[in-house]
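Some notes on the structure that comes next.
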Amino acid sequence: MTKGFLPYGRQTIEDDDIAAVAAALRGDYLTTGPTVEAFEAAFREVVGAGHAVACSNGTAALHMTMLAAGIGPGDVCIVPSITFLATANCAAYVGADVVFADVDSDSGLMTPQTLAEALDRAKGRRVRAVLPVHLRGDVCDLPALAALAGEAGAALIEDAPHALGSTLKVGNHVERVGDCAHSLMSTFSFHPVKTIATGEGGMATTNDPALAERLRRARSHGMSRPPGADPWLYEMVEPGFNYRLPDILCALGLSQLAKLPRFIARRRALAAAYETALAPLSPLVRPAARPEGSDPVLHLMTVLIDFTAAGKTRRQVVEALTAKGIGSQVHYIPVHSQPCWVAKNGPLDLPGARAWYDRCLSLPLFPTMDDGDVARVVEALQAALFR
Ligand SMILES: *Cc1c(COP(=O)(O)O)cnc(C)c1O
């Protein structure tokens, strides 16, 4: 059993990860060197995309997709209300508006129904992008979302930080999250709680070479080098940012990526152990619903708890878990209810997001946990709810 406090998520950093960073520090480049391209190439292989562009974090990746897609003032992005703040913030960075979509109350995901309803609310406005989030690691119904977005003249941009390694069965074939089979671009984060960690770090993937070029430009000051030009020459068509991921962190990313199969196997085994251990607590406690075709590598072990039926508040349960050294977290507070968005968009009721938020709680899930930890968490949850 893991000693000490169990957070809801944490990184797995081993001696060879540390050695990889030390080697990068001794090398010729601290920032943009050969390890950036090596990390991008390895990532591209893992997710099955044509192009991968590393950047300083997942939020930067989202911002870069907005810039690469040419989204700006007067444009509308559709964002699910149950996500991290950054998914909506990226639209605001480029002056675009956000229309929030509801989610399925049991999976927390944007569905074809909730997207159709949001598109209806956005009727008459210039909807340029739809940003589904593969919440917890479960994969949205991408073919249906892409079809609806396409009819509305909008691009699908997947915000996929939760779903590195997750797959979706479409007909007879298995598609990998990040392969952009149905979307224009996908984004990832390597924050310590995500599936692989670089401290801060992110990636955007696409199959479109022109978009990849624009992502690269946005990452580095808007600079590009015309092919065959004088060696000192660079050109700027529009201002970009400094969103580069240094060689030091790309070395860590490469080392982490090599361990992804092991991390995936461990996350899957722990999720299965949770499902078995939680079964006796049903229907008061249930794991989040699995959408059809989704084969997730869970980033979050989110359960839905009927706090009213249990006669306990979420705060009481969270505090009882904390007292036993167990961390938990709420993913997420509906973004449309944040003061910033209420001030901008006015009040909005999204019943699916509300029902999800009222019941959700994420329990510890990370590769260095063992089955004893899962048993300890479930016992503590049971005690918190029933005693
Ligand atoms: C983590 C996360 C982000 C932001 O990633 P950072 O690397 O922390 O900037 C964006 N969207 C979702 C859904 C995330 O989980």
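The values are calculated or read from the model by the stated rules, or taken from the named source; none is laboratory data. Computed from a predicted structure; not experimentally measured. Virtual Cβ from ideal backbone geometry, glycine too; neighbours counted across all protein chains shown. Ligands, DNA and RNA are excluded from the accessible area calculation, which covers all protein heavy atoms including side chains. Shrake-Rupley method; radii C 1.70, N 1.55, O 1.52, S 1.80 Å.
Brief remarks follow.
- Just one of the numbered conditions (1) out of contact with any Ser or Thr (no Cβ under 9 Å at 6 or more places or on another chain); (2) within 16 Å of the ligand (Cβ to nearest atom) is not true of P226: (2).
- Candidate set from segment 222-234 (those that are more than 33 Å from the chain's Cα centre (by Cα) and farther than 19 Å from Y29 by Cβ); member that is most open to solvent (accessible area, probe 1.4 Å): W232
- Residue check, D159 open to solvent by less than 30 Å² (accessible area, probe 1.4 Å) and farther than 21 Å from P73 by Cβ: yes
- Of the helices (runs of 4 or more DSSP H) lying entirely inside segment 294-387, those containing at least 1 residues that are under 23 Å from the mean Cα position of the chain (by Cα) and either touching a residue at least 12 places away in the same chain (Cβ under 8 Å) or exposed (fewer than 14 other Cβ atoms within 10 Å of the Cβ) (or both) span 339-345, 351-359.
- When Y29, Y93, Y8 are checked against the criterion of being of a type in the set (S, T, Y) and not assigned by TED's automatic domain parsing to the domain that holds L184, a single residue qualifies: Y8.
- Candidates S255, S282 - the one that is buried (at least 22 other Cβ atoms within 10 Å of the Cβ) and more than 20 Å from Q329 (Cα to Cα): S255
- A273 vs. criteria surrounded by fewer than 18 Cβ atoms within 10 Å (Cβ to Cβ), aliphatic (A, V, I, L, M) and either closer than 18 Å to T2 by Cα or in contact with a Pro (Cβ under 6 Å, 6 or more places away or on another chain) (or both): no
Per-residue answers, yes or no, for (1) farther than 30 Å from A251 by Cα; (2) out of contact with any helix residue (DSSP H, G or I) (no Cβ under 7 Å at 6 or more places or on another chain):
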position	(1), (2)
E117	yes, yes
L142	yes, yes
A160	no, yes
V174	no, yes
F188	no, no
A197	no, no
G202	no, no
N207	no, yes
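- In segment 181-195, the residues that are without any contact (Cβ under 8 Å) to a residue 40 or more places away in the chain form Cβ pairs under 9 Å with partners that are more than 7 Å from the ligand (Cβ to nearest atom) and of a type in the set (A, V, I, L, M), at six or more places apart or across chains, as follows: A181/L142; A181/A146; A181/L168; A181/V170.
- Only one of the listed residues (R267, R214, R244, R262) is open to solvent by less than 30 Å² (accessible area, probe 1.4 Å), touching a residue at least 24 places away in the same chain (Cβ under 8 Å) and either over 20 Å from the mean Cα position of the chain (by Cα) or on the phi < 0 side of the Ramachandran plot (or both). That residue is R267.
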